[in-house]
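Please treat every number below as a calculation from the coordinates, not as lab data. Worth saying up front: this structure is predicted, and the values here are computed from it rather than measured. Here the Cβ positions follow ideal geometry from the backbone for every residue, glycine too, while neighbour counts run over all protein chains shown.
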Amino acid sequence: MAHAFLDSCKTSTLFITEQGFIGIGPRSIRPGDRLAVLLGSNAPVLLRPGRTVGHSELLDLCFVAEIIRGELILQLNAGQRTLEWFKLA
């Protein structure tokens, strides 16, 4: 288990969102990438604005402790969050 964790650290980096979420994601992350939870999934993902206006590229899954257990869906149901539509390229 520890070996797998250390291997994943070689290709991952820490990030902090503008909203203050702290996560672990791919080293390719850069400013302007978006953190999202796609409907039907509990795992957060990173999206990058696509080459075509209105489209996004799916970068990778990521880990964010504050939202890994479906907290954003609970906030959505409570009216504290809104849905945003993405077209994946």
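Tabulated values for the structure
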read-out	value
Helix-only CD estimate at 222 nm, as mean residue ellipticity for the chain, using -39500 (n - 2.57) per DSSP H run (n ≥ 4)	-5000 deg cm²/dmol
Residue range of the chain that is longest and free of GluC sites (Glu not before Pro) which are both DSSP loop and sparsely packed (at most 11 other C-beta within 10 Å)	19-83
Simple label model, 7 Å out from Cα along Cβ direction - L76 to E57, nm	2.5
Restricting segment 56-89 to chymotrypsin sites (Phe, Trp or Tyr not before Pro) in coil, as DSSP defines it, with at most 11 other Cβ within 10 Å	W85
Length added when fully stretched, E18-S41, from 0.36 nm per residue minus Cα-Cα	6.0 nm
10 Å-binned pair-distance histogram of the chain (Cα, whole percent)	16, 45, 32, 7, 0
